[in-house]
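Visitor: I'd like to ask you about the structure that follows.
The values are calculated or read from the model by the stated rules, or taken from the named source; none is laboratory data. Only a predicted model underlies this, so the values are computations on that prediction, with no experimental measurement involved. Cβ placement follows ideal geometry from the backbone for every residue including glycine, while neighbour counts extend to all protein chains displayed. For accessibility, only protein heavy atoms count, side chains too; no ligands or nucleic acids. Shrake-Rupley method; radii C 1.70, N 1.55, O 1.52, S 1.80 Å.
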Amino acid sequence: MMSNEGNKVGTYEFVVEPFHTDLTGQLTMGVLGNHLLNCAGFHAEDRGFGMASLHEHHYTWVLSRLAVEVFEQPKAYERFSIQTWVENVYRLFTDRDFAVLNAEGRPVGYARSIWAMIDLDTRKPADLLTLHGGSITDYICGKECPIEKPGRIKVTNGEVAGEHQVRYSDIDINGHVNSIKYIEHILDLFPMELLRDQGIRRFEMAYVAESYYGDMLTFTREEIRPGEYDIEVKKNHAEVVVRSKVLFNASASVEEAGDKKEE
């Protein structure tokens, strides 16, 4: 269902299916990420700049960055909704934000994303300000998204935490690894007890390059401080394809303790 807030904010409703939850009974970060990307697609398609219409002109959207913060992850059988809107449009990128609302309509999480449009023939970025005469700018919305924008991630002293050879189930309609699959593989690097007992406070992804069926992905992890990790993913021990930051809820108490100590 789409809201009528100036036709700028789209609202889409969901129910948490039991098979979309983890061992705590909460919606997994991977499924939430998939819902976020679907809502971005619904919102864009409803306004004339979605994947289907773009493909007719040999263009497509590419996710560049994603940052998600969830304070209360929806649980099995609960209803929730996702709102999405365009924050800014630049020549080569657009900022898209999200809010996750519980059944009562209260925000329980937010997300920020950065997208580019590429020419399917040349694989080069397209000028968003010329798309349909720049009409995408008509949907820029001033709605607040009170979380930090995705930051720079750089792994300098990490250690190899895992490897994965790209398989059939990793590949999406574009022929490369699905962006959500990277999220799942990165979370698999951590002990089940940490994910169960602490939960994820913030998750960031920076997509650098594409990887394909048969590629060997190597995951290098660096602990920045307790509860905060930076991850770099390379394909075939050479090219970086993804960088990520994971903050567990434990990092919040460490941060607060540090602030008090400085006072």
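Visitor: Quick one: which of N174, N157 is in a loop (DSSP other than H, G, I, E, B), touching a residue at least 40 places away in the same chain (Cβ under 8 Å) and either within 28 Å of Y59 (Cα to Cα) or in contact with a helix residue (DSSP H, G or I) (Cβ under 7 Å, 6 or more places away or on another chain) (or both)?
Guide: Sole residue among the options that is in a loop (DSSP other than H, G, I, E, B), touching a residue at least 40 places away in the same chain (Cβ under 8 Å) and either within 28 Å of Y59 (Cα to Cα) or in contact with a helix residue (DSSP H, G or I) (Cβ under 7 Å, 6 or more places away or on another chain) (or both): N174.
Visitor: Somewhere in segment 54-61, is a residue open to solvent by less than 50 Å² (accessible area, probe 1.4 Å), touching a helix residue (DSSP H, G or I) at 6+ places or on another chain (Cβ under 8 Å) and at pLDDT 95 or above?
Guide: There is no residue in segment 54-61 that is open to solvent by less than 50 Å² (accessible area, probe 1.4 Å), touching a helix residue (DSSP H, G or I) at 6+ places or on another chain (Cβ under 8 Å) and at pLDDT 95 or above.
Visitor: May I pose another question? Suppose the filter is of a type outside the set (D, E) and assigned to a strand (DSSP E or B); does H237 pass it?
Guide: No, not satisfied.
Visitor: Please determine, by comparing only the residues of segment 221-234 that are part of a strand (DSSP E or B) and open to solvent by 30 Å² or more (accessible area, probe 1.4 Å), which one is farthest from V177 (Cα to Cα).
Guide: R225
Visitor: So, in segment 117-138, how many residues would count as being surrounded by 19 or more Cβ atoms within 10 Å (Cβ to Cβ) and assigned to a strand (DSSP E or B)?
Guide: Here the count works out to 1.
Visitor: Can you pull out every residue in segment 63-85 that is aliphatic (A, V, I, L, M) and within 26 Å of E210 (Cα to Cα)?
Guide: L63, L66, A67, V68
Visitor: Is it the case that segment 172-182 has a residue that's acidic (D, E) and modelled with pLDDT of 95 or more?
Guide: The answer is no, given that none of the residues of segment 172-182 is acidic (D, E) and modelled with pLDDT of 95 or more.
Visitor: Restricting the first residue to segment 195-223 and requiring it to be under 15 Å from G33 (Cβ atoms), which pairs with a second residue that is of a type in the set (G, A, S) and open to solvent by 10 Å² or more (accessible area, probe 1.4 Å) meet a Cβ separation below 8 Å and a spacing of at least six or different chains?
Guide: Within 8 Å, the pairs are E204/G151; M205/S179; A206/S64; Y207/S64; Y207/S179.
Visitor: Evaluate the following for G199: is it at pLDDT 95 or above, closer than 30 Å to G25 by Cβ, open to solvent by less than 50 Å² (accessible area, probe 1.4 Å) and touching a strand residue (DSSP E or B) at 6+ places or on another chain (Cβ under 9 Å)?
Guide: Answer is no for this residue.
Visitor: Could you identify the single residue in G41, G48, G33, G6 that is among the small types (G, A, S) and either at pLDDT 95 or above or buried (at least 19 other Cβ atoms within 10 Å of the Cβ) (or both)?
Guide: It is G33.
Visitor: Another question, then. Counting just the residues of segment 79-92 that are closer than 26 Å to T130 by Cβ and touching a Phe, Trp or Tyr at 6+ places or on another chain (Cβ under 7 Å), which one comes out surrounded by the most Cβ atoms within 10 Å (Cβ to Cβ)?
Guide: T84
Visitor: Filtering segment 96-114 down to residues that are of a type outside the set (S, T, N, Q) and surrounded by fewer than 19 Cβ atoms within 10 Å (Cβ to Cβ), which residue is nearest to R202 (Cα to Cα)?
Guide: That would be V108.
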